[in-house]
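Colleague: Before I ask anything, let me first share the structure, which is written out below as structure tokens.
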Amino acid sequence: MVNEPKAGEPLTSREQAIFDLRQTGKNNKEIAALLGVGYQGVHNTVCAINRKMGGAKRLPGALSPKAAE
């Protein structure tokens, strides 16, 4: 069984990289291409970030690509 991340845990280096890219307005597909990983891996990492940020279903609006428009 995989340990689920808990709210308040620090981000891993990969999570931080994806978090930073999301702040620039990149979507999961673009991030996957930039990092050379699969879309599903980025999606799963975003979900882990969400859980660490308090269990939100999605990253806060400031991190959403649409919020930058």
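The values are calculated or read from the model by the stated rules, or taken from the named source; none is laboratory data. If you're wondering where the values come from, they're calculated on a predicted model, not measured in any experiment. Ideal geometry is used to build each Cβ from the backbone, glycine not excepted, and the neighbour counts take in all protein chains shown. Calculation scope for accessible area: heavy atoms of the full protein, side chains included, ligands and nucleic acids excluded. Shrake-Rupley method; radii C 1.70, N 1.55, O 1.52, S 1.80 Å.
Colleague: Extending each Cα 7 Å along its Cβ direction at Gln23 and His43, get the distance between those two points in nm, one decimal.
Modeller: 2.6 nm
Colleague: Go through Thr45, Thr24, Thr12 and list them by solvent-accessible area, largest first, probe radius 1.4 Å.
Modeller: In descending accessible area the options line up as Thr24, Thr12, Thr45.
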